[in-house]
Amino acid sequence: MVNGLAKAYKIDKHKNEIFLYYIYSGNILSEISTVQDTHLISYSNIELVENSQILTIDYNRFKKEFLDSGLLCLEFANEIIRQSKQLQDLVNREFIFDSVSKVAMMLSNSLDMFNHLKRYDVSLMLHIQPSTLSRVLNRLKRNDIIDIHKGKVIILNKEALDRIYSE
C-alpha cells in the first residue's frame, strides 16, 4: 500500500463481517505465507476504506532479483515480525481482552484511526456496544488518562493507558 487505508476482514458462517485489522501505507496487502512459493496468499478479504494507491509487483521477478539473492532478508524478517505482532494483537483483542483493554489498546496504538472513525464504527470494530464504548471513554476520562476535546480523544497519560492492556 503506497498510501491510503484498507481493512482486512473475514465473513463468518452467518455472513457477518469479522474485522481483523487495518492495513496502512507502507504495509503489504497479502500475508507472507512462504518465500519459496511463486505467489503470495491472502487468507482474508481486503477492502479499501479510503482512496488509496496500491503498488503491484511481479512476484516471480521480485523473488528472483531480491529474495533469492538475500537483498531483502532483513526487511522481510521485519515484515513477518510485524504481522506476527498484528496476529497476537488480534487474538488478544478478540479472545482475551475485556472492553476497557480493547479500547485502551486501540487508543494507544491507533489514536489517529480512532479519532478518524465514527464511534459506532469503532464499537463494531472492537465488537463492543456503542454504549459500552462511551462508558469506557468516560471512565478513562474520569481517571485522567484521556481527555476528549471536540469529539477527539487526547491521551494525557500514555503509561497508564498502556498498563491497562499490557498487564
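The values are calculated or read from the model by the stated rules, or taken from the named source; none is laboratory data. Worth saying up front: this structure is predicted, and the values here are computed from it rather than measured. Cβ placement follows ideal geometry from the backbone for every residue including glycine, while neighbour counts extend to all protein chains displayed.
Note on the stretch 136-167: residues that are of a type in the set (D, E, K, R) and touching a residue at least 12 places away in the same chain (Cβ under 8 Å) amount to 5. Close contacts from the stretch 70-90, counting a first residue that is in the same structural domain as Tyr24 (by TED's automatic domain parsing) and a second that is in a helix (DSSP H, G or I), with Cβ to Cβ under 6 Å and a gap of 6+ residues or different chains, come to Leu72/Phe66. Phe66 meets each of the listed conditions (1) assigned to a helix (DSSP H, G or I); (2) touching a Leu at 6+ places or on another chain (Cβ under 7 Å); (3) closer than 30 Å to Glu17 by Cα apart from (3). Does Leu29 satisfy the condition of being at pLDDT 85 or above, part of a loop (DSSP other than H, G, I, E, B) and either surrounded by 13 or more Cβ atoms within 10 Å (Cβ to Cβ) or aliphatic (A, V, I, L, M) (or both)? Criteria not met by Leu29.
Condition check: aliphatic (A, V, I, L, M) and either part of a loop (DSSP other than H, G, I, E, B) or touching a residue at least 60 places away in the same chain (Cβ under 8 Å) (or both). Does Ile128 satisfy that? Give the steps one after another, and end with the answer.
Details: aliphatic (A, V, I, L, M): yes; either part of a loop (DSSP other than H, G, I, E, B) or touching a residue at least 60 places away in the same chain (Cβ under 8 Å) (or both): yes.
Yes.
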